2 protein chains.
Amino acid sequence: MMGSSFALAMKRAGLVKRIVGYSKSPSTTAKALQLGVITVEAASALQAVSGSDIVLIAVPVAAIEGTFKAIKHMITPDMLIMDVGSTKSDVVDAAQRILGSLVGSFVPAHPIAGKERTGVESADVNLYAGRKVILTPVARTLTNQLNRAQSIWTSLGCSVESMSPDAHDAAFAAVSHLPHLLAFALMNSITTQKNGDDYLSLAGTGFRDFTRIAASDPEMWHDIFMANKVQMTLQIEQFQQALDLMASMISNSDSKSLQTSIAHASVARKNWHLSNELPTK
Amino acid sequence: MMGSSFALAMKRAGLVKRIVGYSKSPSTTAKALQLGVITVEAASALQAVSGSDIVLIAVPVAAIEGTFKAIKHMITPDMLIMDVGSTKSDVVDAAQRILGSLVGSFVPAHPIAGKERTGVESADVNLYAGRKVILTPVARTLTNQLNRAQSIWTSLGCSVESMSPDAHDAAFAAVSHLPHLLAFALMNSITTQKNGDDYLSLAGTGFRDFTRIAASDPEMWHDIFMANKVQMTLQIEQFQQALDLMASMISNSDSKSLQTSIAHASVARKNWHLSNELPTK
């Protein structure tokens, strides 16, 4: 989904002529060919990378190390390699460990765009338009590749920001990874109750939007939680404190504190707007 | 918002000729007149009820008892009185306590429809169309009024279900009240962190949808949490257990259990569909 959407957007922007695709599942590359997402199917990741100008690695975070190993012998100093992973410290560690002196060609990237659906059939040429992309270059990243990465994402309609891998992972633990965990935990909490199915049949549009991200891909999110364990643990603790505080206001009938606490949250959410989106939403 | 939307929908369905409005804030009724939501402004709740066929009480849950007291002397045995509150046991208790022998005219109603915006200016003639409405009649509810309530909501395009007040409150603690509390708690958890504002500036569409309900009205939600304290406390405990379990899988690097747990949640959410909505959403 992420890789195919990138391919479609790059083609529409006129930034690429030939798109070589590889997936460990042959049916995926067959579908990608059929849908016009790729021009050529490669027999291996190594073959896909060979001779390419730009390489986008769109795999679950835990597969990135193996992917680096598979392609490193065809990486050249001029090539631009990017990923689209939701965690960055682990990816940067793997790149430094596996790629050695070629690590300068790798620009770690996290486009803040996604869907709960996966696979090439969910490709969307507009997925990245108007979205933010975070780049987390390190000291050894080559300026040439960093500039090209910035220019490419900008051409796709993205606004580009740079930060350190650690700052990235702390922020996304709070605003993305934790919300996913909470949505998964809520589904599990309800479905393990005796009357859970009856309860679910009564849920409305608030529940629909709140739990949309709970339909996300299990492998991908398992990898993200594991890769960002330290920051996740901190954010879970912070959240549990905030929840415990509100729960005790309810059980102690502390009306005044509860109303203040809800009002604080409500104002904060009303004042928040999706980056690059009009505040009319 | 709830009351005005009902007025607009009733008028469009040709079910009412004259709509009398009362609000404790005079600017609300003035706006309602101006927007064509009501035909007449009443000087008091008692005056608004006097001579009406159908009375809809759309006030925060904690104000329902005072409203019953204010209108009881103009309620007749033929009148249909309904509320639109999100909790039902407390509303039914108040009705039985205050209305006495007139309680048979009251049909407790909870339309599963809402928005995070409030006020007459957010009125939406289509708010209830295609939505579920839960009625929670008690032994003394008159069949005549119950049938009229069912027929009215059906005419507005709703599907009507009946259940006991307690069963209602247990279900909605799980699928509505708890998600709201979690969304409020998440906003508070992030905004009380040193880098909270920076984190929020990076949040994307998943966060947007997950926290949409955190912008809801503080007074309304304070009242709901307080009115449904017992069921809320049970659901908070259930949720905390589910979250603790997943958190310990992450901190113990128990990959297999974590992936199973996420997959369980993801499948449950994929299999869930909003009642009355096509599964293509």
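I'd like the full set of residues that are charged (D, E, K, R), more than 16 Å from residue A:8 (Cβ to Cβ) and open to solvent by 40 Å² or more (accessible area, probe 1.4 Å), limited to the range A:125-140.
The one that is charged (D, E, K, R), more than 16 Å from residue A:8 (Cβ to Cβ) and open to solvent by 40 Å² or more (accessible area, probe 1.4 Å): A:140.
Of everything in the range A:171-204, what is part of a helix (DSSP H, G or I) and over 24 Å from residue A:237 (Cβ atoms)? Give them in sequence order.
A:191, A:196, A:197, A:198, A:199, A:200, A:201
Collect the residues in the range A:228-249 that are of a type in the set (Val, Ile, Thr) and either touching a Leu at 6+ places or on another chain (Cβ under 6 Å) or surrounded by fewer than 20 Cβ atoms within 10 Å (Cβ to Cβ) (or both), keeping them in residue-number order.
Answer for the range A:228-249, where residues must be of a type in the set (Val, Ile, Thr) and either touching a Leu at 6+ places or on another chain (Cβ under 6 Å) or surrounded by fewer than 20 Cβ atoms within 10 Å (Cβ to Cβ) (or both): A:230, A:233.
Tell me whether the range B:163-173 contains one or more residues that are aromatic (Phe, Trp, Tyr) and closer than 30 Å to residue B:209 by Cβ.
Yes, there is a match, as at least one residue in the range B:163-173 is aromatic (Phe, Trp, Tyr) and closer than 30 Å to residue B:209 by Cβ.
Quickly run through the range A:187-201 and pick out the residues that are open to solvent by less than 10 Å² (accessible area, probe 1.4 Å) and at the interface with chain B (Cβ under 7 Å from one of its Cβ atoms).
Those that are open to solvent by less than 10 Å² (accessible area, probe 1.4 Å) and at the interface with chain B (Cβ under 7 Å from one of its Cβ atoms): A:187, A:189, A:190.
Condition (residue is under 16 Å from the mean Cα position of the chain (by Cα) and part of a helix (DSSP H, G or I)) applied to the range B:235-249: is it met by at least one residue?
For the range B:235-249, residues under 16 Å from the mean Cα position of the chain (by Cα) and part of a helix (DSSP H, G or I): absent.
Please determine, by comparing only the residues of the range A:25-59 that are closer than 25 Å to residue A:224 by Cβ and assigned to a loop (DSSP other than H, G, I, E, B), which one is least open to solvent (accessible area, probe 1.4 Å).
The qualifying residue least open to solvent (accessible area, probe 1.4 Å) is A:37.
Could you list, in sequence order, the residues of the range B:250-269 that are assigned to a helix (DSSP H, G or I), more than 9 Å from every other protein chain (Cβ to nearest Cβ) and open to solvent by 50 Å² or more (accessible area, probe 1.4 Å)?
Scanning the range B:250-269 gives a single hit, B:256.
Looking for whichever is under 17 Å from residue B:199 (Cβ atoms) and either in the same structural domain as residue A:61 (by TED's automatic domain parsing) or touching a helix residue (DSSP H, G or I) at 6+ places or on another chain (Cβ under 6 Å) (or both) here; the options are A:231, A:241, A:259. Which one fits?
Sole residue among the options that is under 17 Å from residue B:199 (Cβ atoms) and either in the same structural domain as residue A:61 (by TED's automatic domain parsing) or touching a helix residue (DSSP H, G or I) at 6+ places or on another chain (Cβ under 6 Å) (or both): A:231.
Of the residues B:85, B:114, which single one is open to solvent by less than 30 Å² (accessible area, probe 1.4 Å), in a loop (DSSP other than H, G, I, E, B), closer than 22 Å to residue B:236 by Cβ and in contact (Cβ under 8 Å) with a residue 12 or more places away in the chain?
Being open to solvent by less than 30 Å² (accessible area, probe 1.4 Å), in a loop (DSSP other than H, G, I, E, B), closer than 22 Å to residue B:236 by Cβ and in contact (Cβ under 8 Å) with a residue 12 or more places away in the chain holds for just one of B:85, B:114, which is B:85.
Quick one: would you say residue A:184 is touching a His at 6+ places or on another chain (Cβ under 7 Å), touching a residue at least 24 places away in the same chain (Cβ under 8 Å), at the interface with chain B (Cβ under 7 Å from one of its Cβ atoms) and aromatic (Phe, Trp, Tyr)?
no
Here are A:207, A:225: which of them is facing chain B (nearest Cβ under 7 Å), within 22 Å of the chain's Cα centre (by Cα), assigned to a helix (DSSP H, G or I) and surrounded by 15 or more Cβ atoms within 10 Å (Cβ to Cβ)?
Checking each option against the conditions leaves just A:225.
Any chance you could count how many residues in the range A:93-109 are open to solvent by less than 10 Å² (accessible area, probe 1.4 Å), within 15 Å of residue A:61 (Cα to Cα) and assigned to a helix (DSSP H, G or I)?
Within the range A:93-109, residues that are open to solvent by less than 10 Å² (accessible area, probe 1.4 Å), within 15 Å of residue A:61 (Cα to Cα) and assigned to a helix (DSSP H, G or I) number 2.
Would you pick out the residues in the range B:60-82 that are assigned to a loop (DSSP other than H, G, I, E, B) and closer than 23 Å to residue B:175 by Cα?
Residue satisfying the conditions is B:60 alone.
Identify, from the list A:151, A:155, A:162, the residue that is open to solvent by 40 Å² or more (accessible area, probe 1.4 Å), modelled with pLDDT of 95 or more and within 14 Å of chain B (Cβ to nearest Cβ).
A:162
Tally time: how many residues in the range B:210-222 are out of contact with any His (no Cβ under 7 Å at 6 or more places or on another chain) and assigned to a helix (DSSP H, G or I)?
Residues in the range B:210-222 being out of contact with any His (no Cβ under 7 Å at 6 or more places or on another chain) and assigned to a helix (DSSP H, G or I): 9 in total.
When you scan the range A:171-181, how many residues do you find that are open to solvent by less than 10 Å² (accessible area, probe 1.4 Å) and either of a type in the set (Asp, Glu) or in contact (Cβ under 8 Å) with a residue 60 or more places away in the chain (or both)?
Adding up the residues that qualify gives 5.
The values are calculated or read from the model by the stated rules, or taken from the named source; none is laboratory data. As the structure is a computational prediction, the values presented were derived from the model and not from experiment. Please note: Cβ atoms are built from the backbone with ideal geometry, for glycine as well, and neighbour counts cover all protein chains shown. Each accessible area value is taken on the protein alone, full model and side chains, heavy atoms only, with ligands, DNA and RNA left out. Shrake-Rupley method; radii C 1.70, N 1.55, O 1.52, S 1.80 Å.
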